[in-house]
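Take a look at the structure below.
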Amino acid sequence: MERLDEQHLTESGLVVFDITAADEETALQVMAGLERTWATSGTAALRRTPGTPGVRARVCADTRRSGADP
């Protein structure tokens, strides 16, 4: 994954999740669950690295704010 941008961790309650999953469906389910729980950066682009199993994504979240679903 790329380097973290300082703005993502400037305050208490801000987190960055690096997600690695076996397949796209699983990664998308995890991101949707995070969106329901907290305010997030949304569904991230999924990346594959040649020769490495699975897919990867990065999601930023603000744990001080609730997500999309009550």
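The values are calculated or read from the model by the stated rules, or taken from the named source; none is laboratory data. All values derive from a computational prediction rather than experimental measurement. All Cβ positions, glycine included, derive from the backbone under ideal geometry; neighbour counts span all protein chains shown. Accessible surface areas use protein heavy atoms only, side chains included; no ligands, DNA or RNA. Shrake-Rupley method; radii C 1.70, N 1.55, O 1.52, S 1.80 Å.
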Within the chain, helix-based [θ] at 222 nm, where runs of 4 or more DSSP H residues each add -39,500 (n - 2.57), nearest 500
-6500 deg cm²/dmol
Read-out semi-axes √(5λ) of the Cα gyration tensor in Å, derived from the coordinates shown; its label in (1) 22, 16, 7; (2) 31, 13, 9; (3) 22, 13, 11:
(1)
Out of the total accessible area of the chain (probe 1.4 Å, heavy atoms of protein only), what percent is carbon and sulfur?
50
Cut-off 19 Å, label point 7 angstrom out along Cα-to-Cβ of Val15: give me the residues of region 25-52 whose amide nitrogen falls inside.
27-44
Expressed in nanometres to one decimal, the distance between label points 7 Å along Cα→Cβ at Thr26 and Leu46 is 1.1
Result for the chain: accessible area per residue, probe 1.4 angstrom, in square angstrom, of 68
Mean Cα-pair separation over length for region 14-68, i.e. relative contact order, pairs under 8 Å, 6 or more apart, %:
50
For the Cα atoms of the chain, what angle does the longest principal axis make with the long axis of helix 24-37, in degrees from 0 to 90, nearest 10?
0
